[in-house]
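Novice: Got a structure here, written out as structure tokens. Questions coming.
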Amino acid sequence: MEKLNPKISIIGCGNVGLRYAYALIISGLARQIVLVDIDKKRVEGEVLDLSHTAPYVSPVEIIAGDYSDIKDSDLVVVTAGKKQKVEQSRLDLVKDNVDIFKKIIPDIVKFSPHAIILVVSNPVDILSYAAYKFSSKPSKEVIGSGTVLDTARFRFLLAKHCNIDSHNVHAYILGEHGDSEFPVWSRAMIGGILFKEYCPMCSRHESCSSDKMLNNIFLEVKNSAYEIIEKKGETSHGIGLALVRITRAILHDENAILPVSSLVDNYLGINDIYLSLPAIINKNGVKQVLDIKLNQKEEQAFKNSASAVKKIIQAIRL
């Protein structure tokens with residue numbers, strides 16, 4: 001059942017927050033959108049600009065607000081955070097953004113205690129875990145965007161390689177949203193057929209089935225963000241639409257399966273950490289994290305992801 005008059009608040013209105021807001025307006029999912037940012041004047045200008053889309057979209061009220069204005073939000077999306085400086089270590093960046101979350105998350109809970117929190121800021125797995133800790137909310141109500149965009153890139157490249165509509169490609173990138181993420185080749189499917197069984201039917205069978213080709217596809221997925229940032233300075237269009245997809249699953253109570261970052265509870269012996277696994281998403285947040293069966297290589301890759309994220313969490317004493 002869809003929520004009536006859904007209200008969405010966006011904390012942090014840089015490129016990602018604004019691309020999401022724009023895509024959200026076009027989608028027609030929300031009836032009220034609140035934008036909160038430290039640069040209030042600039043956000044007021046963005047709201048004025050966005051408001052002029054009114055004749056072309058579904059009715060939506062757009063507000064440049066403060067934390068008090070997020071009251072009664074159904075969903076609060078957090079994109080706020082510092083970008084990595086030249087020569088700054090990843091660990092120092094994590095510490096800076098965790099400090100920001102120590103201020104942001106309590107204010108979100110104070111003014112909108114029943115909202116689902118969707119974390120987008122990077123490193124998303126660590127900051128989603130931080131949001132969970134700082135909010136004292138049930139883990140199902142704190143979600144990270146995880147590898148939803150990485151998975152979209154994976155599906156796109158597989159579809160391009162096989163000359164198939166990407167809607168008919170089902171495959172996941174799981175684990176950390178970062179350097180230790182991994183592709184789940186053993187469960188990849190095209191049109192309901194396992195990828196390894198589809199390959200012999202494909203005219204590109206010889207190149208398609210080689211380990212080198214498969215690895216090249218994954219490396220292109222993994223390096224996509226770096227390439228985009230090098231060429232245009234930031235990534236925002238893809239994540240904007242990925243966030244709309246997660247938003248629709250929540251507001252429309254879809255029970256959609258998406259590879260979001262959520263609390264891992266005794267999966268492969270791993271606990272108390274946020275990583276991406278396929279999860280059922282509905283109006284309550286994470287309904288269930290699915291126990292996907294991985295092959296031995298993929299299990300080890302997931303454990304490697306967990307180890308990489310755990311080291312950082314321990315280093316910053318979160």
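The values are calculated or read from the model by the stated rules, or taken from the named source; none is laboratory data. Just so it is clear, the model here is predicted, and its values are computed rather than measured. Note that each Cβ is placed from the backbone with ideal geometry, even for glycine, and that neighbours are counted across all protein chains shown.
Novice: What residue, of Gly191, Gly144, Gly175, is out of contact with any Ser or Thr (no Cβ under 8 Å at 6 or more places or on another chain) and either more than 16 Å from Val289 (Cβ to Cβ) or small (Gly, Ala, Ser) (or both)? Break it down stepwise before answering.
Specialist: Numbers: Gly144 fails: out of contact with any Ser or Thr (no Cβ under 8 Å at 6 or more places or on another chain); Gly175 fails: out of contact with any Ser or Thr (no Cβ under 8 Å at 6 or more places or on another chain).
Step by step, each of Gly191, Gly144, Gly175 is checked, and only Gly191 is out of contact with any Ser or Thr (no Cβ under 8 Å at 6 or more places or on another chain) and either more than 16 Å from Val289 (Cβ to Cβ) or small (Gly, Ala, Ser) (or both).
Novice: Six or more apart or on different chains, Cβ under 9 Å: which pairs go from a residue in region 223-240 that's over 16 Å from Thr151 (Cβ atoms) to one that's β-branched (Val, Ile, Thr) and buried (at least 18 other Cβ atoms within 10 Å of the Cβ)? Could you list them?
Specialist: So the pair list comes out as Ile228/Thr235; Ile229/Thr235; Glu234/Val16; Ser236/Val16.
Novice: Based on what the data block shows, is Val169 outside the structural domain of Asn304 (by TED's automatic domain parsing) and buried (at least 21 other Cβ atoms within 10 Å of the Cβ)?
Specialist: Details: outside the structural domain of Asn304 (by TED's automatic domain parsing): no; buried (at least 21 other Cβ atoms within 10 Å of the Cβ): yes.
It is false that Val169 is outside the structural domain of Asn304 (by TED's automatic domain parsing) and buried (at least 21 other Cβ atoms within 10 Å of the Cβ).
Novice: For region 108-137, which positions are touching a residue at least 60 places away in the same chain (Cβ under 8 Å) and of a type outside the set (A, V, I, L, M, F, W, C)? Can you show your working first?
Specialist: Step one: filter region 108-137 for residues touching a residue at least 60 places away in the same chain (Cβ under 8 Å), giving 108, 112, 115-116, 118-121, 123-126, 128-130, 132-133.
Of everything in region 108-137, those that are touching a residue at least 60 places away in the same chain (Cβ under 8 Å) and of a type outside the set (A, V, I, L, M, F, W, C) turn out to be Ser112, Ser121, Pro123, Asp125, Ser128, Tyr129, Tyr132, Lys133.
Novice: While we're on this one: Do we find that Leu258 is modelled with pLDDT of 95 or more, of a type in the set (A, V, I, L, M) and closer than 17 Å to Ile173 by Cβ in this structure? Steps first, answer last, please.
Specialist: Details: modelled with pLDDT of 95 or more: yes; of a type in the set (A, V, I, L, M): yes; closer than 17 Å to Ile173 by Cβ: yes.
For Leu258, the condition - modelled with pLDDT of 95 or more, of a type in the set (A, V, I, L, M) and closer than 17 Å to Ile173 by Cβ - is met.
Novice: Looking only at region 91-106, filter to residues that are of a type in the set (A, V, I, L, M) and out of contact with any Lys or Arg (no Cβ under 9 Å at 6 or more places or on another chain); which one of those is farthest from Ile70 (Cα to Cα)? It would help to see each step written out before you state the result.
Specialist: Step one: filter region 91-106 for residues of a type in the set (A, V, I, L, M), giving 91, 93-94, 98, 100, 104-105.
With out of contact with any Lys or Arg (no Cβ under 9 Å at 6 or more places or on another chain) added as a condition, the list becomes 91, 94, 98, 104.
Working: Leu91: 31, Val94: 26, Val98: 21, Ile104: 12 Å.
Among those residues, the one meeting the criterion is Leu91.
Novice: A further question follows. Checking Gln314 against (1) in a helix (DSSP H, G or I); (2) modelled with pLDDT of 95 or more, which test does it fail?
Specialist: (2)
Novice: What strands (runs of 3 or more DSSP E) lie completely within region 31-141 and have 3 or more residues being crowded, with 19+ Cβ neighbours inside 10 Å, assigned by TED's automatic domain parsing to the domain that holds Gly17 and not charged (D, E, K, R)?
Specialist: Working: elements: 32-36, 61-64, 75-78, 116-119.
By residue number, 32-36, 75-78, 116-119.
Novice: With respect to the numbered conditions (1) free of Cβ contacts under 8 Å to residues at least 60 places away in the same chain; (2) polar (S, T, N, Q); (3) closer than 18 Å to Ser145 by Cβ, which one is the sole condition not fulfilled by Ser305?
Specialist: If we test Ser305 against (1) free of Cβ contacts under 8 Å to residues at least 60 places away in the same chain; (2) polar (S, T, N, Q); (3) closer than 18 Å to Ser145 by Cβ, just (1) comes out false.
Novice: A further question on this structure: Looking at this structure, is Glu254 buried (at least 16 other Cβ atoms within 10 Å of the Cβ) and assigned to a loop (DSSP other than H, G, I, E, B)?
Specialist: Details: buried (at least 16 other Cβ atoms within 10 Å of the Cβ): yes; assigned to a loop (DSSP other than H, G, I, E, B): yes.
Here the answer is yes, as Glu254 does meet what is asked.
Novice: Which residue, of Ser9, Ser27, is surrounded by 16 or more Cβ atoms within 10 Å (Cβ to Cβ), modelled with pLDDT of 95 or more and over 17 Å from Leu241 (Cβ atoms)? Spell out the reasoning first.
Specialist: Details: Ser27 fails: over 17 Å from Leu241 (Cβ atoms).
Being surrounded by 16 or more Cβ atoms within 10 Å (Cβ to Cβ), modelled with pLDDT of 95 or more and over 17 Å from Leu241 (Cβ atoms) holds for just one of Ser9, Ser27, which is Ser9.
Novice: Still on this structure: I'd like to know if region 280-293 contains one or more residues that are surrounded by fewer than 18 Cβ atoms within 10 Å (Cβ to Cβ), in contact with a Ser or Thr (Cβ under 9 Å, 6 or more places away or on another chain) and not in a strand (DSSP E or B).
Specialist: yes
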